[in-house]
Amino acid sequence: PGALLAWHIDRTLGKLRAALPGARQMIWSDMVGGHNERTMGFHVAGSWLGASKGVPLGAVVLNWERKSDAEAVAALKHYRDVGLEQWVAGYYDTGDGAKAAKQEREWQAAAGVSVPAMVYTTWRDDYRELERYVAGVLG
């Protein structure tokens, strides 16, 4: 399954590059790695291991894998080691500031892996925690 997904990603992003030359391509990390790469997927016989090989150099991985500090660093190193640019997408809506408070630690871990940007991500159009997020990133 991982090789098939890598082929599909490469083919799809290739079509997008042809249709939109010069456009920046981005893909969520869970589509090509981390917990989806090392476990069986829903209705999939096998693992998604190797799916990140389909992401072309020059594309940006939006890395949100933050189950633990150790997994965050491992994911950062994984994409670095395969030569992909990544941005840390380390916040999701909680409304209580819990995740925004983790940003300083995440940014420090990312600094050792050469991550040029962090992304504030909200699924509910909720920007109440944006200032706390930025403060956490800036330390």
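The values are calculated or read from the model by the stated rules, or taken from the named source; none is laboratory data. This is a predicted model, so every value here is computed, not measured. Areas reflect the complete protein model, heavy atoms only, side chains present, ligands, DNA and RNA absent. Shrake-Rupley method; radii C 1.70, N 1.55, O 1.52, S 1.80 Å.
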Amide H contacts of V60 (H built 1.01 Å from N, under 5 Å, at least 5 apart or other chain): Q25, M26, I27
For the range 73-88, 3J(HN,Hα) per residue [Karplus equation, 6.51 cos²θ - 1.76 cosθ + 1.60, θ = phi - 60°, Hz, x = Gly/Pro]: 5, 4, 5, 4, 5, 4, 5, 4, 5, 8, x, 9, 6, 9, 10, 7
Solvent-accessible surface ranking, highest first, for E71, E131 at 1.4 angstrom: E131, E71
Per-residue SASA entry for W64, accessible area with 1.4 Å probe, Å² rounded to 10: 80 Å²
Solvent-accessible ranking of K77, K53, largest area first, probe 1.4 Å: K53, K77
